[in-house]
Amino acid sequence: MRPEDVTTLRTVQSILVRNYVNTQRLDVDVINGTVYIAGEFSVFDSALGSKKTDPVERDGVVRRTLLVLEREIRRLTVASFVQFKLANWERTGMLWTKKRQA
């Protein structure tokens with residue numbers, strides 16, 4: 001792993017933690033400037049607040065978090081590309097949508 005990739009990985013991990021993302025079920029890797037994020041995406045309840053018990057409101061918070069994360073990671077000059085492979089969320093067009101459980 002290149003030294004730049006290690007620095008980028010640490011920066012991406014700090015962005016995830018700053019946005020209250022549960023990183024225990026996510027795999028984050030950086031290879032040649034490309035950021036890969038895979039796994040099950042979730043946000044800690046403390047970020048949602050006590051009033052966000054409605055599933056629609058919770059999903060709205062998660063959508064906004066995904067958009068913010070994507071924007072912040074793409075803003076990094078050393079990250080050339082960001083690829084998400086999430087088990088429970090997918091990008092359709094410009095929006096994030098929750099995958100249907102089988």
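Of all the criteria given as (1) of a type in the set (G, A, S); (2) surrounded by 17 or more Cβ atoms within 10 Å (Cβ to Cβ); (3) more than 14 Å from the chain's Cα centre (by Cα), the one not satisfied by G33 is (2).
Of the set (1) surrounded by 14 or more Cβ atoms within 10 Å (Cβ to Cβ); (2) of a type in the set (A, V, I, L, M, F, W, C); (3) in contact with a Phe, Trp or Tyr (Cβ under 6 Å, 6 or more places away or on another chain), all apply to F44 but (1). When residues of the range 5-16 are filtered for being β-branched (V, I, T) and under 10 Å from the mean Cα position of the chain (by Cα), how many remain? Number satisfying all stated conditions: 2.
Close Cβ contacts (under 8 Å, 6 or more residues apart or on different chains) running from residues in the range 72-83 that are without any contact (Cβ under 8 Å) to a residue 12 or more places away in the chain to residues that are assigned to a strand (DSSP E or B) comprise R74/V82. Six or more apart or on different chains, Cβ under 7 Å: which pairs go from a residue in the range 54-69 that's closer than 13 Å to E90 by Cα to one that's among the charged types (D, E, K, R)? Could you list them? Between residues of the range 54-69 that are closer than 13 Å to E90 by Cα and residues that are among the charged types (D, E, K, R), the close pairs are D59/K98.
Pairs linking a residue in the range 16-41 that is touching a residue at least 40 places away in the same chain (Cβ under 8 Å) and β-branched (V, I, T) to a residue that is part of a helix (DSSP H, G or I) and surrounded by 15 or more Cβ atoms within 10 Å (Cβ to Cβ), with Cβ atoms under 6 Å and 6 or more positions apart or on different chains, are V30/D5; V30/T8; V30/L9; V35/V12; V35/I73.
Any read-out appearing in this document is the output of simple, stated calculations on the displayed coordinates, not a laboratory observation. What you see is a predicted model; the values in this text were computed from it and never measured. Here Cβ is always computed from backbone atoms with ideal geometry, including for glycine, and neighbour counts include all displayed protein chains.
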